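One structure coming up, written as structure tokens, with questions to follow.
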Amino acid sequence: MDNFNELLTDIIALGAISLHIIIFSGIVFYFTGYKKQVISIVGKWGIPTAFLFSLSAMLGSLYYSEIVKLEPCTLCWYQRIFSYPTVFILGLALWKKKKDAIAYATVLSIIGWFFALYHVFIQFNTDIDSVLCPPNATVSCENIDFLAFGYVTMPVMSLTIFTAVILLLRLASKYEKEN
């Protein structure tokens, strides 16, 4: 990767780390007596924020595969299958003011989350053969195209986005029920 792509990757990795801190802090606040405040503040903006996270994940994955020319592995494709439609479902939910789209986007994100978790597991446990990533694939699911800050890889970022989207949509659903 050239200097621009390395800088962009570091910025995105910092964003993932920031999101880890925000998710952890939100969970702590939620379970330590600030449940209503978390639902009120985060839930109100849950759908638009989940849409923006999903959109940025889609654009980022397209940038790395189409511009940087990092070929996605099989597990990356599976994650994209569940991530990309979420952008359109949430975009339509915002446009049409349809709150029932939360359920559809949540289901897709949960399935994608499991693929991302499995991918992270495979990347950091290379002695385990992946059932979902064929050994004759042109790109191995074990490949780490970049490693930022000692643990942030593409699958870690994918897992982070899926986690954030699931939590945001869950809080948005609770907010809708309360208001």
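The values are calculated or read from the model by the stated rules, or taken from the named source; none is laboratory data. The structure displayed is predicted, hence computed values, not measured ones. Because the Cβ atoms are built from the backbone with ideal geometry, glycine has one as well, and the counts that use them run over all protein chains shown. Just so you know, the surface numbers come from the protein's heavy atoms only, side chains and all, with ligands and any DNA or RNA stripped out. Shrake-Rupley method; radii C 1.70, N 1.55, O 1.52, S 1.80 Å.
Would you confirm whether or not segment 90-111 contains a residue that is over 18 Å from Thr49 (Cβ atoms) and under 13 Å from the mean Cα position of the chain (by Cα)?
Within segment 90-111, one or more residues are over 18 Å from Thr49 (Cβ atoms) and under 13 Å from the mean Cα position of the chain (by Cα).
Here is a follow-up. Assess whether Lys99 counts as being in a loop (DSSP other than H, G, I, E, B), in contact with a helix residue (DSSP H, G or I) (Cβ under 9 Å, 6 or more places away or on another chain) and among the charged types (D, E, K, R).
Here the answer is yes, as Lys99 does meet what is asked.
Could you list, in sequence order, the residues of segment 3-60 that are touching a Gly at 6+ places or on another chain (Cβ under 7 Å) and either among the basic types (Lys, Arg) or at pLDDT 95 or above (or both)?
Phe51
Report whether or not Ile11 is of a type in the set (A, V, I, L, M), loosely packed, with under 13 Cβ neighbours inside 10 Å and under 17 Å from the mean Cα position of the chain (by Cα).
Criteria met by Ile11.
One residue is enough: does segment 24-36 have a residue meeting the conditions within 17 Å of Met157 (Cα to Cα) and either open to solvent by 60 Å² or more (accessible area, probe 1.4 Å) or within 18 Å of the chain's Cα centre (by Cα) (or both)?
yes
Continuing with the same structure: Being touching a Leu at 6+ places or on another chain (Cβ under 7 Å), surrounded by fewer than 16 Cβ atoms within 10 Å (Cβ to Cβ) and in a helix (DSSP H, G or I) narrows it down to one residue among Pro85, Pro48; which is it?
Pro48
Give segment 15-33 a look and list any residue that's among the polar types (S, T, N, Q) and within 19 Å of Lys174 (Cβ to Cβ), or say none.
Ser25, Thr32
Quick grid of which residues meet (1) in a loop (DSSP other than H, G, I, E, B); (2) under 23 Å from Ile12 (Cα atoms); (3) not small (Gly, Ala, Ser):
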position	(1), (2), (3)
Thr106	no, no, yes
Val120	no, yes, yes
Gln123	no, yes, yes
Ser130	yes, no, no
Thr138	yes, no, yes
Tyr175	no, no, yes
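Moving to a separate point now. Report the residue count in segment 88-97 for those that are crowded, with 18+ Cβ neighbours inside 10 Å and modelled with pLDDT under 95.
The total comes to 1.
From (1) surrounded by 14 or more Cβ atoms within 10 Å (Cβ to Cβ); (2) assigned to a loop (DSSP other than H, G, I, E, B); (3) without any contact (Cβ under 8 Å) to a residue 60 or more places away in the chain, pick out the condition that doesn't hold for Leu70.
(3)
Still on this structure, I have one more. Among the residues of segment 147-179 satisfying the criterion of being aliphatic (A, V, I, L, M), out of contact with any Phe, Trp or Tyr (no Cβ under 7 Å at 6 or more places or on another chain) and open to solvent by 30 Å² or more (accessible area, probe 1.4 Å), which is farthest from Lys44 (Cα to Cα)?
Checked segment 147-179; the qualifying residue farthest from Lys44 (Cα to Cα) is Leu147.
Then there's this: On the given criteria, is Lys69 touching a Leu at 6+ places or on another chain (Cβ under 9 Å) and among the charged types (D, E, K, R)?
no
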